[in-house]
1. Taking the condition of being of a type outside the set (A, V, I, L, M) and either on the phi > 0 side of the Ramachandran plot or surrounded by 13 or more Cβ atoms within 10 Å (Cβ to Cβ) (or both), how many residues in region B:1-11 meet it?
2. Any idea which of B:GLY37, B:GLY109, B:GLY90 is within 10 Å of chain A (Cβ to nearest Cβ) and in contact with a strand residue (DSSP E or B) (Cβ under 7 Å, 6 or more places away or on another chain)?
3. Do you know which residues across region B:25-49 are part of a strand (DSSP E or B) and closer than 23 Å to B:ASP14 by Cβ?
4. Got a number for residues in region A:69-78 being modelled with pLDDT of 95 or more and surrounded by fewer than 19 Cβ atoms within 10 Å (Cβ to Cβ)?
5. Just wondering, is there one or more residues in region B:120-137 that are surrounded by fewer than 15 Cβ atoms within 10 Å (Cβ to Cβ), at pLDDT 95 or above and in a loop (DSSP other than H, G, I, E, B)?
6. Which one of the conditions (1) open to solvent by 50 Å² or more (accessible area, probe 1.4 Å); (2) in contact (Cβ under 8 Å) with a residue 24 or more places away in the chain; (3) assigned to a loop (DSSP other than H, G, I, E, B) does A:HIS66 fail to meet, given that it meets all the rest?
7. Is one or more of the residues making up region A:59-82 within 10 Å of chain B (Cβ to nearest Cβ), under 24 Å from B:PRO55 (Cα atoms) and among the charged types (D, E, K, R)?
8. For region B:51-91, name all the residues that are of a type in the set (Lys, Arg) and outside any strand (DSSP E or B).
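The values are calculated or read from the model by the stated rules, or taken from the named source; none is laboratory data. The structure presented is a predicted model; accordingly, all values stated were derived computationally and were not measured. Cβ sites come from the backbone with ideal geometry, for glycine too, and all protein chains shown count toward neighbours. Surface accessibility is based on the protein's heavy atoms, side chains included, excluding ligands, DNA and RNA. Shrake-Rupley method; radii C 1.70, N 1.55, O 1.52, S 1.80 Å.
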Amino acid sequence: MKANLVYFAWVRERIGKTEEEIELPETVVTVRDLLSHLKGLGEEYENALEYPDVIRVALNQEHVEHDEPIAGAREIGIFPPMTGG
Amino acid sequence: MTTPTIRVQPNDFDLQAEVDALTDGRTDIGAVVSFVGLCRGEQGKLSALELEHYPGMAETEMRRIVDLAIERFTLIGATAIHRHGRIEPGQNIVLVIATAAHRQAAFDGANFIMDFLKTSAPFWKKEHAADGTAGNWIEAKGIDDKAADKWL
């Protein structure tokens, strides 16, 4: 499936892109699978996603846990823990 | 209950105007609690903060948090405004207002909204140092997660 990814804060800076559309293999089912797949795409991804457990993910702009399936998500947001307020 | 005001904007806000918008023409409100978060200068070490947000999701998440607070504390009204972009020491970052019949609900409502804005609204702060060195992203604090956990 194709996935629209959007990145924020240091995840965005390390990957060097604000957004991209990528083709995912069928073996990528959950958020955890997605992060592990992305990590293998190159040094910049490896830098951004070195510690996948701290990375937060939103499917269609809603927070999800890493065991959530990504099927059907129009937009997948990937970012560090939030520091607003 | 009035429809809550939720805004994400680059420009500053006017505390009194936002309080007036919640209270004008009403006689059922007995308490207004407001919180304003400001940018600290960190003893001269910081020249500015840069606030990044996830457009769309930031507003949606703020609305979800405010709606939870209204329901839980029976608030009469609520406002949450978060700025983005470059913010210098002494300037405002965030405004939360809660109105209720009695003070405890208004205090708790504003506190609840702030605690969850910190941990689940998609905003990130980057520091720009006064000496011109490269900015660091502020790290999330465990103390903020603990503050939010007390409402569970």
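1. So the count comes out to 4.
2. B:GLY37
3. B:ALA31, B:VAL32, B:VAL33, B:SER34, B:PHE35, B:VAL36, B:GLY37, B:LEU38, B:ALA48, B:LEU49, listed by residue number.
4. 2
5. So far as region B:120-137 goes, no, none of its residues is surrounded by fewer than 15 Cβ atoms within 10 Å (Cβ to Cβ), at pLDDT 95 or above and in a loop (DSSP other than H, G, I, E, B).
6. Going through (1) open to solvent by 50 Å² or more (accessible area, probe 1.4 Å); (2) in contact (Cβ under 8 Å) with a residue 24 or more places away in the chain; (3) assigned to a loop (DSSP other than H, G, I, E, B) one by one, A:HIS66 breaks only (1).
7. Taking every residue of region A:59-82 in turn, at least one turns out to be within 10 Å of chain B (Cβ to nearest Cβ), under 24 Å from B:PRO55 (Cα atoms) and among the charged types (D, E, K, R).
8. Passing the criteria: B:ARG63, B:ARG64, B:ARG72.
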